[in-house]
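Just so it is clear, none of the values below were taken in a lab; they were calculated from the coordinates. Everything numeric here is computed off the predicted structure, so don't read it as measured data. Glycine gets a Cβ as well: all are built from the backbone with ideal geometry, and neighbour counts include every protein chain shown.
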Amino acid sequence: MVLKRPLENGEILQGTLDLLILRTLVMGPAHGHTIAQVIEHTSENALEVEQGSLYPALHRLEDRGWLASEWGVSENNRKAKFYKLTAKGRRELSAATGRWHRMTRAIGLILGDSIESTGK
Amino acid sequence: MSLRRIMQRLKKDEELAEEIESHLAHEEDANAARGLGADEARRRARVRFGNARATRERVWLDRSFPWIENLWRDLRFAWRSLRKTPAFAVIAILVIAVGIGVNTAVFSVINTVLLKPLTYPDPQALVELVNVTPQGNFGGASIPKFNTWLQQKKIFQQVAAYDFGGAGMNLTGGDQPQQVQGIHVSAGYFALFGAPVAAGRTFTQEEDSPHGGNVVVLSYGLWKSRFGGNPKIVGSNIQVDGQPYLVVGVIGRGFVTDTPADLWVPYQFDLASQDMANYFTVAARLKPGVTISQANAQLRLAADQYRRMYGADSLPPQGGFAVQSLQESMIGDTRFSLLVLLGAVGFVLLIACANVANLLLARAAARKRELATRAALGAGRRQIVRQLLTESLTLSLCGGVLGLLLGYVGVRLLLRINPGDIPRLGENGSAVTLDVHVLLFTLGISILTGILFGLAPAISASRPNLAMVLNENSSRSGLGFRSGKLRSILVIFEMALTLVLLIGAALLIRTFFKLQAVDPGFTTKNILTMAMSVDGDRFQKTAPVAQIIRDGRDRVMAVPGVVDVGVTNCLPMLGGFGMTFDVVGRPHANSPFTGGAGFHSTSWSYFETFKIPLIRGRLFTRQDDGSAPGVAIINEAMAKQYWPKGDPLTDRIQIGVGAGPAFAEPPRQIIGIVGDTHDGGPNRDPEPIMYIPLAQMPDLETALNSRVAPLWWVVRTRVDPYALRVPITAALQQASGGLPVAHIRSMEEIEARSIASQRFNMILLIIFGSAGLLMAMIGVYGVMSYSVQQRTQELGVRMALGAQTWKLRNLVIGQGMMLSGLGVVLGIGGAFAVTRFLASFLFGVKTWDPVAFIAAPLILCLVALFAVWIPARRATRVDPMTALRIE
């Protein structure tokens, strides 16, 4: 399987969206609309999911085997496609979470240290 | 992209559209829950989602991107970047084309000879019947054997006998008599090989029985050329050897046999015959489901049956019968020599790969900033490797296309050189064609080549030290130590492979000269030979044949410029007959005869014509004819082998013991011993031969001989023998009452043919070795001139500090020759390991022949020296000031 794009390679937003989707699905299967709402609510509406990116991301994650999907009936009694985490997706979530923490820590260190380091 | 993938993607797209609808519906629900009117809820949902079509397109593209788009982008990029360095691209493509071309050429021959199935229907079931002896399996059958095999109905569907050479027949009764290739066959022959019948029918069983009448089946080619494709020919008579023959059928166009035939006549064997002479070939078609080993088991029983029927002497106790695949029989030991050639071209391809890899490394060094920039801008290592591999595959596929052309032309040129007796090549190699197997082979090695020479440079280029490269301010330094070392290793590798090829070529050259130096035991200078077929009723007895020989000799001798004329049934170096003999009065151990020897019938003037020296006794004279007591002459090899002590001239021999009634005759007095001739070719030791006068053969033997062998006329001339061709053939036609002659060749041609396969192999290895040498030269030149360029600054400093120019020159030469030296050491080691595969091609030369093992490395070193000389001189011309200012 050829990777579509290297993951760590720029496009932080996209990588982050993937991470957020995976994290959201830990709570259980959900369809696209729910996923978008959960992300927005949980982030106290700080993040707005661009809907045009959500579905490409979902399909990409599914193509990679991190998500599985099936059609079902939603809480509104409407037909909807439900996504759920696969075992592979769960592993990726923990790996990506680790990467995220290391990166934010590193950025934090740099931002926090910037004043002291000029003194050297 | 496959249709299935497209269908799958269409389905997924539909699903996505539905999914988006579902999303919008949920959004609408949410909006409605917040108290918006239906229309407004709907409108806001759509606005918030944006362009649904764009989303679908994006997912669609996401799915297609990696396969098509990336490849297309890489290819375009490769094309652009190769166009920027056209000289490099052209050289690389040419080198690859040569490597792939020679492989394609050799493979297309192998494909034709070894891989293509026989053109007959269901060819796997076709087998040849062979005699099992302690020395190996040999073809050849007699009537009693054929009779025994015909009865093996449990294992064979069909069994048929046919000539393996044929004496040639004369089509008379036109304006111009014509000698054609006529093959005797048994009735089952056409069914066995599935020959299509264009008109009429093939032989009936009655026609293939004794006194079955004169019937003939024509080939399509002869029917068209001689009889204008006349459909009424079937049922009419044609003149063959002066006799009317009824044409019963014409065989269709597609039927090609390995000994091409113009017409077929039935053997009309008397199956009750006790004639033990082996003079034809038998093939059979196995019954469906019968394996070769099952057939062989049955044939062991058949051998016992045969012994009971024809006597214990008819088959030695260790002897027996077996079958082998007809295709294997035809290929024989050609397989091995073709595989050796394939190995040699494999070497050429490896050298080509090493060479192009070297060029790519040099190019990567020049592009290192481009690559480093790409890496710095975020291209992953995988992407860079992929990009570089796409470039090398582009190169190798271009080289492959050109190589296919080269191979196609090359194989025609190769086959112009007489390849000796490689079977199944067709007339002038016409059977060798480009088919799908050859195309696949070429495509396969092109891709393999591209990966082979592209991978190492790509990997090495994909890990540059970014900071170092980008911070450099000039193009002075290379990819650093690793790449330099890699290039040196490649050059050493090239040198070693080239040396192996050169040593192989040197061994074959030595072999060829040794072969040419062998004295064949007879003169080949100014000798013209030609074949006269004496098949037909006129020549069933010895007297008329002897008459033609006498008259013909007298008339040809009258042609100005002719020195001598001889006649024989076995021309030297064209193979001959063998026969058992018994020394009269000598007790034998457990065999019914003393031994076996070559058996030639000649005219009395044969030895003088060929200048075969008389050692002792006397030669035949005109008086040694049917009315005189029987005489024989033997050669030295026979005298040495069978008369280690004692005088052969005091003995009489009985020739053809146990060989059937055709050879029944009183014993012959040995009257002379002549010098040995290399009849099996110069690389074979002379075999024992006994000669008898043609005029003294028993009638039945003459009749048999006339069917299986022509009379060979041998004319020695004072001038170029071809100049006398017309008067000689005219004289012979007059003497024989209009018999045509064919196969007019000089003895020098026949001698050249006898070493044609050695010459062919030699020429090929010289070509391959030279190609390798040229590439190795380019390789070592490239590395050394690059190294000089790298060290311009260092050399400038040295010069500024007062170093002598010759010292600088020797520095470069020393470095270059060091590489060559390592290559030579490795190559000699490799050659020691590999030349033993050549052992069966060599003659008079050991596989470790010191001359070859010294000469070839010397040539390689000289060429390498020449190649490093140019960069070495450049090193001495470095201007110190410029060199220092480059910085």
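Taking the fewest neighbouring Cβ atoms within 10 Å as the starting point, the ordered list for B:Glu494, B:Glu57 is B:Glu57, B:Glu494. Sites listed here are trypsin sites (Lys or Arg not before Pro) in the stretch B:18-106 whose DSSP assignment is loop and whose Cβ has at most 15 other Cβ atoms within 10 Å: B:Arg34. Checking every one of the trypsin sites (Lys or Arg not before Pro) in the stretch B:710-764 against DSSP loop status and a limit of 12 other Cβ atoms within 10 Å picks out B:Arg718. If you find the alpha carbon centre of the stretch B:665-742 and of the stretch B:618-643, how far apart are they in angstrom? Answer, in whole Å: 15. Taking every residue in A:50-60 and counting other chain Cβ atoms within 10 Å of its Cβ, the average works out to 6.
Determine the relative contact order of the stretch B:534-739: mean sequence separation of Cα pairs under 8 Å and six or more apart, normalised by residue count, in whole percent. Intermediate results must be reported in sequence, preceding the final value.
On the way: 406 pairs, mean separation 72.1, N = 206.
RCO, the stretch B:534-739: 35 percent.
Efficiency by 1/(1 + (r/R0)^6): what FRET value for B:Lys807 and B:Lys84, r their Cβ-Cβ distance, R0 = 30 Å, to the nearest 0.05? My answer for the efficiency is 0.20. Semi-axes of the equivalent ellipsoid of the stretch B:135-317 are 33, 18, 14 Å, computed as sqrt(5λ) over the eigenvalues of the C-alpha gyration tensor in descending order. Could you state the angle between the C-alpha long axis of helix B:292-310 and the longest principal axis of the C-alpha atoms of chain B, as a value from 0 to 90 degrees rounded to the nearest 10? So the helix axis and the longest Cα principal axis differ by about 10 degrees. Enter the angle in degrees (range 0 to 90, nearest 10) between the Cα long axis of helix B:756-790 and the first principal axis of the Cα atoms of chain B, meaning the one along which they spread out most. Value to nearest ten degrees: 20.
In chain B, the longest principal axis of the Cα atoms and the axis of helix B:699-708 are about 20 degrees apart. Each of B:Lys368, B:Lys846, B:Lys153, A:Lys81 has some number of other Cβ atoms within 10 Å of its Cβ, and from fewest to most they run B:Lys153, B:Lys846, A:Lys81, B:Lys368. Think of the stretch B:3-84 as a dipole: +1 on every Lys or Arg Cβ, -1 on every Asp or Glu Cβ, centred on the Cα centre; then among B:Ala52, B:Ala41, B:Ala25, B:Ala52 lies furthest on the positive end. Take every Cα pair under 8 Å whose residues are at least 6 apart in sequence, average their separation, divide by the length of chain B, and the relative contact order is 16 percent.
Inter-chain Cβ neighbour count for B:634-641, averaged per residue, equals 0 (cutoff 10 Å, partner chain atoms only). In chain B, helical runs assigned H by DSSP with n ≥ 4 each contribute -39500 (n - 2.57); averaged across all residues and rounded to the nearest 500, the mean residue ellipticity at 222 nm is -17000 deg cm²/dmol.
Of the trypsin sites (Lys or Arg not before Pro) found in the stretch B:187-284, the ones in coil according to DSSP and having at most 16 other Cβ atoms within 10 Å of their Cβ are B:Arg201, B:Arg253. Partner shielding of B:335-347 amounts to 0, given as the average count of beta-carbon atoms from other chains within 10 Å of each residue beta-carbon. Cross-link check: pairs B:Lys145/B:Lys287; B:Lys514/B:Lys645; B:Lys611/B:Lys846; B:Lys640/B:Lys846 evaluated at a Cα-Cα cut-off of 24 Å; pairs beyond the cut-off: B:Lys514/B:Lys645; B:Lys611/B:Lys846; B:Lys640/B:Lys846.
When both the stretch B:811-887 and the stretch B:536-572 are represented by their alpha-carbon centers, they are found 60 Å apart.
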